[in-house]
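Reviewing the structure listed below.
We did not get these values from a lab; they are worked out from the coordinates using the rules stated. All of these numbers come straight from a predicted model, not from anything done at the bench. Note: ideal-geometry Cβ built from the backbone for every residue, glycine included; neighbour counts use all protein chains shown.
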Amino acid sequence: MAAVAPGAMSHVYLHATDMDPSLQTLRKSVTYDEGSGTVLLEDKDQVRACALDANSTQATWAVAPGEGEPITALHASLDGSMLAMQRSSAFLQIVHIRSSKMFVQGPRSKSRLLCFFWCPSAACDLVMTTEHGLELYQQLSKGQGLRYMGSRKHPTSWCIYSHESRIALLATGEGGLWLQAYQVTNDAVLRLPPFQLGPSASRQASPKAGPSQRVSSKDIKVLTMYSRIYCAHIDYRQRRLALYRFYKDAVMLQHSYEIFSRHVELSVHDNMLLVHHLDSSTVLLLDVRARSNGPIAAPLPLTVTTRDKNDQSLPSSMPALSSRDPLQHEGKVELASCMSAAVSTAGSATSDGPEHLDSGHWRFEAPNLILDTEAGKVWRCEVDIAAVARTCSEWPLLLAFLQRRQPAAHPTCDIKSLLLTIVKGALLEQLDMASVWQIFDAVALGYAEACANKQGSSGVSVSPDSTGRASRLSMPVLSPQEMEVKVLRWLHEEEATDVQYLEAAIAEYLSSCSRHGIGVPPGLYLLAVDVALLTAHPHQVVAALHEQKGGWDSARMASHLERLARKGGLAEGWHLALDMYTRLGMHDRQCQMLLSKGKVVQALQCAQRHQLMSIDPEAFLSKAAGTGDLLIFTAVYRVCYQLVEPQIEQYSTLLRRHNALLSQSKLQHDESGSIPYAHQSA
């Protein structure tokens, strides 16, 4: 067994809990009670309950266990009023903590007691597992005893229970090959479909195999990841880890991983499966939702650390950056500031930790605890996300992995900044478009799934739009708005990559958003037009906009096209903007744009057609007078008079100009002999 390296590069580290140091002198027995979430310490003539964290609201207590055989198992009731102790396979000793009254309860079937557990259900408070199945008991008031509530008959050779999933797993047969699960719900104990372990397990549990080769309770774990319940089978003979997922009507083999040791333990932290190889002190990091069936990164040694909240330096476990490191690049712009914001230390290395994980006094407890039963210490297994990011070479896999993490589980790492750094680094390195497509697809898929999960959990409709909803999501995902402003537009403004590459990257991201049904912010379409104008002829940009068939329509885009036309950057921008305003139903803006171009008659027709009252009639009259065309001015004045009945006095200046036009027209008549058109109202 290799020693745990205190300063080695690591993905997984042990963090000491805040358990009272004075309790470390209690060395007779240390047990973690998953149901009550406390550590039970037995020493001499008392059993004490201790909370793992100093700020925990869980009550601590001490009770005398009484005399008798050594205690083999003990669990506190979920309400903290009772302590049940097993000293033999025939009965339980149950003591009322407050009054210290004790009574004895044995299985009703008189068969051998295998295990027991407390559960939160209206159907029962305590379950005893015997060779004949489950026996259900309900706690009487004031700790007076237990009432028998029924049984679930099933031949059983051994049993394990997971309080997190409320699953009791019973093994049948001499080899322990067939498994039957019962789940304790709020009001019942449900029987789940039975299942058989796979072919490799069948060989392991064959009748000819010796006792050491059969499937035992030590080979089976019940795990919960991403709200999914799995039965994990550690097959030492085949060196495989098989995960069977529980469904309502079936149990199916869903994952199979290779392991590299004959001494393996499992932990779960933030939905990550940690496979501890005890003979080498290395940890394999697995994600059941990853598309790849391999580990997220190469296995590295376990490190013992202490967390210092005031220490903001980089972790000692950080390796040197490689040329393919997603957090480093050879681009024009330095990302050191972004990196320092994204990563902080998980803790400083220390040698005050376990020397050998497979020694007899170290036990792994669900979900991510390690108990030192000799020293009375409890450690938590946690993952250094920044170290994983630095050692994972598959960027799409890494991005998808990071987006599934819970920020609360990694308080020392800004995961969103880390995501932005990785995406920027990939584009600054100018990866091939196939890799960029995979990266953008992972980003878009993560955002769409986060929106779907938010809607499913809260019942509130959360569409994957582009208006910054990422701030409302619990997962660290990148919204389209963040991708536009903090990645793509940043690259454009800083001129950090060539224009042709950026144009192709924008097209790939837009394609990913469309594929996953994500709304795109108008600013990203504006950026696409600006970049395209730098690389293509204007008529190609016009053709591309026509091909979108209104898919890029927005008030911002129309205004942007209008501005480009005014500056001479896109001559066709006037027509494109006008068509866009029409499709958007922004007739006020359409009318104003026609007026600005001097098309008074078309503007007036638009105002009449859509009954626009927001534009001052003087604007029409002013533009009409500015044309110098008497017929146009007369027609516009007549329409304005019908709409708003303007007073002649309000337009005296215009009328004086109109009279000047009439005088000029009369002179032309006298010279040519033609009859001019006279304004009826005038």
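Placing a label point 7 Å from the Cα of Gln455 along the Cα-to-Cβ direction, the residues of region 513-540 whose backbone N falls under 12 Å of that point are 517-519.
When the alpha carbon gyration tensor of region 595-635 is reduced to an equivalent ellipsoid, its three semi-axes come out at 17, 10, 9 angstrom, largest first.
Derived scalar couplings between HN and Hα for region 113-122 equal 7, 8, 6, 8, 7, 8, 8, x, 8, 6 Hz in order, rounded to whole Hz, by the Karplus curve 6.51 cos²θ - 1.76 cosθ + 1.60 (θ = phi - 60°), x for Gly and Pro. For the Cα trace of region 504-591, dividing Rg by the Kirkwood Rh returns an Rg/Rh value of 0.96. When a/c is below 1.5 the answer is rounded, else prolate if a/b is larger than b/c, else oblate, so apply that to region 501-550 with a ≥ b ≥ c taken from the square roots of the Cα gyration tensor eigenvalues. Note, shape of region 501-550 comes out prolate. With 0.36 nm allotted per residue and the present C-alpha distance subtracted, the Arg262-Tyr226 stretch has 10.2 nm of extension available.
Roughly what would the spin-label model give for Gln664 and Ser554, points 7 Å off Cα along C-beta, in nm? Spacing of the two 7 Å Cα→Cβ label points: 4.6 nm. The slack between Ser622 and Asp53, meaning 0.36 nm per residue of separation minus the straight C-alpha distance, is 197.1 nm. Inter-label distance, Ala250 to Thr60: 5.1 nm, where each label sits 7 Å from its Cα along the C-beta direction.
Set against the 2.2 N^0.38 Å expectation for a compact globular protein, region 212-298 has a Cα radius of gyration ratio of 1.04. Peptides 75-85, 183-193 ranked from most to least packed by the mean count of surrounding Cβ atoms within 10 Å: 75-85, 183-193.
Taken over the alpha carbons of region 80-123 as equal point scatterers, the Debye sum produces base-10 log I(q)/I(0) values at 0.17, 0.21, 0.22, 0.23 Å⁻¹ of -0.53, -0.77, -0.83, -0.88.
Using the Cβ-Cβ distance between Glu365 and Ala507 with R0 = 56 Å, the FRET efficiency computed as 1/(1 + (r/R0)^6) comes to roughly 0.65.
With all projection directions averaged, the alpha carbon convex hull of region 377-433 covers 4.7 nm². Per the Cα gyration tensor, region 87-158 maps to an equivalent ellipsoid with semi-axes of 21, 14, 9 Å, ordered largest to smallest. Per residue, the convex hull spanned by the alpha carbons of region 482-636 comes to 134 Å³.
Using R0 = 56 Å, the C-beta based FRET efficiency linking His575 and Ser474 works out to 0.75.
Spin-label model, Lys110/Met149: points 7 Å from Cα along the beta carbon direction are separated by 2.6 nm.
Rounded to whole numbers, the Karplus 3J(HN,Hα) couplings from phi for region 265-272 are 10, 10, 9, 10, 9, 6, 6, 9 Hz, using 6.51 cos²θ - 1.76 cosθ + 1.60 with θ = phi - 60°, and x at Gly and Pro.
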